[in-house]
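J.: Below is the structure I would like to discuss, written out as structure tokens.
Read-outs: derived from the displayed coordinates by stated rules, not from any lab. Since the structure is predicted, the reported quantities are computational estimates derived from the model, not experimental observations. Positions of Cβ are backbone-derived with ideal geometry, glycine not excepted, and every protein chain shown enters the neighbour counts.
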Amino acid sequence: MTETVAQKALLIPQLIVGLGNPEPKYNQTRHNIGFAAVDAISRAWKIPLTENRKFQGEYGEGIGPGGTKIRLLKPLTYMNRSGEAIQAVTNWYKLSPESVLVIYDDMDLPQGKTRLRLSGSAGGQNGMKSAIAHLGTQNFPRLRIGIGRPKGAVSSDESGGAVSYVLGRFSATENQLMSLVLQFVVECTELCFKQGVEKAMNICNSRTVEIPQS
């Protein structure tokens with residue numbers, strides 16, 4: 001009886017959403033690291049993504065770690081309207097907001113850091129504002145990937161400098177680091193499936209990914 005209650009208490013995602021913008025010009029930009037994360041998960045778990053007009057995004061489903069049914073989504077609505085695609089999937093499959101894990105970029109975190117949380121505000125991220133508006137709650141897990149700040153910037157304002165920074169591409173060294181970060185993100189999402197989001201938080205929030213010194 002106690003074990004059954006404990007099992008029910010585990011928060012296991014059923015839909016993983018990566019935030020980003022469509023169009024080739026946005027490929028591999030800092031703001032599209034959520035897309036890159038879902039692509040990495042898609043490759044690792046062998047769940048192909050194809051365009052799905054009903055869901056307004058690239059969508060795929062398959063079996064994740066531990067034999068769990070999993071759905072992946074990259075909204076093609078542009079960042080500011082990400083919630084429309086998320087809502088299309090949750091309404092169709094009757095998924096609760098708590099079963100949606102959203103992955104996106106965060107300037108407030110340095111590169112190499114990730115933060116997994118059960119709930120929270122949008123923190124100025126327009127894709128998350130849209131997700132919260134369409135899901136009708138802030139109570140759904142999210143995994144933020146640190147992209148750092150442009151040199152000299154002190155706040156996450158919407159100034160031209162911040163916009164050009166998030167829509168810019170990583171340098172060669174940053175790409176090397178972000179490749180390792182994406183591997184770690186796949187590990188974190190696997191932990192979410194095997195042990196639940198709360199236990200995964202302990203590991204995902206305590207580690208800083210670094211390029212190994214030769």
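J.: Note down the net charge around ALA37, summing +1 for each Lys or Arg and -1 for each Asp or Glu among other residues with Cβ under 10 Å from its Cβ. Don't jump to the answer; show the numbers that get you there.
T.: Details: positive: LYS74; negative: ASP39, ASP105.
It works out to a net charge of -1.
J.: Nearest 0.05, what FRET efficiency do LYS194 and SER164 give at R0 = 35 Å with Cβ-Cβ as r? If you can, show how the numbers build up before the last one.
T.: Values: r = 40 Å, r/R0 = 1.13.
Using R0 = 35 Å, I get an efficiency of 0.30.
J.: Going by alpha carbons, how many degrees (0 to 90, nearest 10) lie between the helix axis of 126-135 and the longest principal axis of the chain?
T.: The helix 126-135 is inclined about 20 degrees to the chain.
J.: So how far, in whole Å, is the C-alpha centre of region 20-62 from the one of region 170-214?
T.: Here the answer is 18 Å between Cα centres.
J.: Still on this structure, I have one more. Figure the gain on full extension for TYR78 and GLU23 (residue separation times 0.36 nm, minus the Cα-Cα span) and round it to one decimal in nm.
T.: On the way: separation 55, 0.36 × 55 = 19.80 nm, distance 0.92 nm.
Full-extension gain reported as 18.9 nm.
J.: Which three semi-axes in whole Å describe the equivalent ellipsoid of the chain, each the square root of 5 times a Cα gyration tensor eigenvalue, listed largest first? Each step should come with its number before you reach the end.
T.: Details: eigenvalues 133, 82, 56 Å².
Sorted largest first and rounded, they come to 26, 20, 17 Å.
J.: Could you give the nm distance between label points at ASN52 and ALA133, where each point is 7 Å from its Cα heading toward the beta carbon?
T.: Those two pseudo-labels are separated by 2.3 nm.
J.: Using a Förster radius of 22 Å, what is the FRET efficiency between ALA172 and THR208 based on their Cβ-Cβ separation? Nearest 0.05, please. Kindly include the intermediate steps, with their values, before the conclusion.
T.: Values: r = 20 Å, r/R0 = 0.92.
With a Förster radius of 22 Å, E is 0.60.
J.: Under a Cβ-Cβ limit of 4.7 Å, which cysteines in the chain have nobody to pair with?
T.: When partners are defined as cysteine Cβ atoms under 4.7 Å apart, the chain leaves CYS192 without one.
J.: Select from ARG43, ARG115, ARG149 the residue whose mean-square fluctuation is largest in a Gaussian network model of the chain (Cα-Cα springs shorter than 10 Å).
T.: Top of the fluctuation ranking is ARG43.
J.: Compute the Cα gyration tensor for region 64-137, then decide on rounded, prolate or oblate, letting a ≥ b ≥ c be the square roots of its eigenvalues: rounded whenever a/c is under 1.5, prolate when a/b is larger than b/c in the other cases, and oblate in all that remain. Don't skip to the answer; put the middle values down first.
T.: On the way: a/c = 1.77, a/b = 1.20, b/c = 1.48.
Oblate, because a/c is 1.5 or more while a/b does not exceed b/c.
J.: For the chain, set up a GNM with springs between Cα atoms under 10 Å and report which of LYS151, LYS199, LYS54 has the largest fluctuation.
T.: LYS151
J.: For the chain, set up a GNM with springs between Cα atoms under 10 Å and report which of THR68, THR90, THR173 has the largest fluctuation.
T.: THR173
J.: If each residue's Cβ is checked for other Cβ atoms within 10 Å, how do LYS94, LYS113, LYS194, LYS69 rank with the fewest at the top?
T.: Details: LYS94 6, LYS113 19, LYS194 15, LYS69 10.
Arranged by neighbour count, lowest to highest, LYS94, LYS113, LYS194, LYS69 become LYS94, LYS69, LYS194, LYS113.
J.: Rounded to the nearest 0.05, what FRET efficiency do THR68 and LYS151 give with R0 = 30 Å and r taken as the Cβ-Cβ distance? Could you check?
T.: Once the sixth-power term is evaluated, E becomes 0.10.
J.: Mind checking the dipole of the chain: about its Cα centre, +1 per Lys or Arg Cβ, -1 per Asp or Glu Cβ, Debye to the nearest 20?
T.: Numbers: 24 positive and 18 negative charges, 36 e Å.
Once rounded to the nearest 20, the dipole reads 180 debye.
J.: Would you mind ranking TRP45, TRP92 by Cβ crowding within 10 Å, fewest neighbours first?
T.: Numbers: TRP45 19, TRP92 10.
Fewest-to-most ranking of TRP45, TRP92: TRP92, TRP45.
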